[in-house]
1. For segment 135-170, give me the residue count where each residue is within 21 Å of Gly52 (Cα to Cα) and out of contact with any His (no Cβ under 6 Å at 6 or more places or on another chain).
2. Restricting attention to segment 103-122, which residues are part of a loop (DSSP other than H, G, I, E, B) and either of a type in the set (D, E, K, R) or under 16 Å from His168 (Cβ atoms) (or both)?
3. Having 2 or more residues that are in contact with a helix residue (DSSP H, G or I) (Cβ under 7 Å, 6 or more places away or on another chain), at pLDDT below 95 and surrounded by fewer than 20 Cβ atoms within 10 Å (Cβ to Cβ) is the bar; report the strands (runs of 3 or more DSSP E) wholly within segment 134-249 that clear it.
4. Taking segment 255-300 as the region of interest, how many residues are free of Cβ contacts under 8 Å to residues at least 60 places away in the same chain, assigned to a helix (DSSP H, G or I), charged (D, E, K, R) and within 26 Å of Asp29 (Cα to Cα)?
5. Residues that are touching a Leu at 6+ places or on another chain (Cβ under 6 Å) and buried (at least 17 other Cβ atoms within 10 Å of the Cβ): does segment 110-125 have at least one?
6. List, please: which pairs have Cβ atoms under 7 Å, are six or more places apart or on different chains, and start with a residue in segment 125-137 that is under 13 Å from Asp110 (Cβ atoms) and end with one that is among the acidic types (Asp, Glu)?
7. If you take the residues of segment 193-219 that are over 15 Å from the mean Cα position of the chain (by Cα) and of a type in the set (A, V, I, L, M, F, W, C), which of them is farthest from Gly55 (Cα to Cα)?
8. Would you please name the residue that is nearest to the chain's Cα centre (by Cα), looking only at residues in segment 220-255 that are over 29 Å from Glu164 (Cβ atoms) and charged (D, E, K, R)?
Amino acid sequence: MKCIPVIGLNVESADLQTLIVGSENAYADQISAAAERIFIERRERPVVLISGPSGSGKTTTAGRIARLLRDNGCGAHSISMDNYFLPLTEEEKRLGELGQFDFESPKRLDTELLKDHLKKLSRCEEIEIPSFDFAAQKRKPGMPLRREPGDIVIMEGIHALNPEVTGHSDDYTNRVYVSVRTRLDHDGELLHPSKIRLMRRLIRDKLYRGRSIVDTMEFFKSVERGENLYIMPYKKRASFDIDTFIAYEPMVYRDILLSDLEEVSRSYAGYAEYADIERFLRALKPISAEYVPENSLVREFIG
């Protein structure tokens, strides 16, 4: 069993630049190791499947791997599995409004088309990647893609390691599981890694999706249910396991979230389940977002 490292929160005396550089390098080293093996095996395994729960940093990880491959002269193409969503029926929309529809289910994907495209990509056959308009809940015209021999195609999505979604693709894929694996420790109290991912979601939803703190917390319950049903059972199928925790990131999140958490603590009945986030953030020394490198995974959430 992998030992989960514990990061203490007493960073008052730590040199800020050393902390930031060391944190970023720890993540970058994992990306480099995965990209190196993917590059070596590019002829036999030309497709890379990246999975992980919500807020795990799949998009940044896919982009970083792609850039390293290109730097080594390997063509790399990234595709989001979100493009393969099926439009909701009127009945599904109705159930969704009632909170009775499973938005995390792999049945939301056009799995037959996805399986067909993965096979064709492995054979260097041309496909047309669909495009999905979530606001209108319909597909839009896609774009063609043909993988050249020696190129890599990276497919990222929460269901990327589920063989019922990707078919019998193990012979020609490398598979990557990304998530936060590090627990924070403050005076013997441990903060579960899922709470770091929730912080990321709270910030992204607040800044860019117009969703309130309470709405995100409520929605996260169904997200976690979906993770336990549809993601966790398949993470052992991964060729690589990447911990996307950036050691200084909670310090950046402190001033973005703390006042909002204090406000909802007075009115949200379910707040006790998330009160530990406030306790941990309050114990931290804040870091301004201006110190976050432009290529940091943290930028996926704070912009």
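The values are calculated or read from the model by the stated rules, or taken from the named source; none is laboratory data. All values reported here derive from a predicted model rather than from experimental measurement. Reconstructed Cβ throughout: ideal geometry from the backbone, glycine too, with neighbour counts over all protein chains shown.
1. So the first thing to find is which residues in segment 135-170 are within 21 Å of Gly52 (Cα to Cα), and the list is 152-170.
Next cut, out of contact with any His (no Cβ under 6 Å at 6 or more places or on another chain) only: 152, 154-164, 166-170.
Looking only at that region, the number is 17.
2. Correct list: Glu104, Asp110.
3. Working: elements: 138-145, 152-156, 173-179, 183-186, 189-191, 240-243.
Because the criterion is at least 2 residues that are in contact with a helix residue (DSSP H, G or I) (Cβ under 7 Å, 6 or more places away or on another chain), at pLDDT below 95 and surrounded by fewer than 20 Cβ atoms within 10 Å (Cβ to Cβ), the strands (runs of 3 or more DSSP E) in segment 134-249 that meet it are 183-186.
4. Of the residues in that region, 1 qualify.
5. The first filter runs over segment 110-125 and keeps only residues touching a Leu at 6+ places or on another chain (Cβ under 6 Å), leaving 110.
This time we only want the ones that are buried (at least 17 other Cβ atoms within 10 Å of the Cβ), so: 110.
The answer is yes; a qualifying residue exists.
6. Phe132/Asp82
7. Start the filter on segment 193-219 by keeping residues that are over 15 Å from the mean Cα position of the chain (by Cα), which leaves 206-219.
Okay, now just the ones that are also of a type in the set (A, V, I, L, M, F, W, C), so 207, 213-214, 217, 219.
Values: Leu207: 15, Ile213: 15, Val214: 17, Met217: 13, Phe219: 13 Å.
So, considering only residues that are over 15 Å from the mean Cα position of the chain (by Cα) and of a type in the set (A, V, I, L, M, F, W, C), the one farthest from Gly55 (Cα to Cα) is Val214.
8. Start the filter on segment 220-255 by keeping residues that are over 29 Å from Glu164 (Cβ atoms), which leaves 245-255.
Keeping just the survivors that are charged (D, E, K, R) gives 249, 254-255.
On the way: Glu249: 15, Arg254: 21, Asp255: 23 Å.
For segment 220-255, the residue satisfying everything is Glu249.
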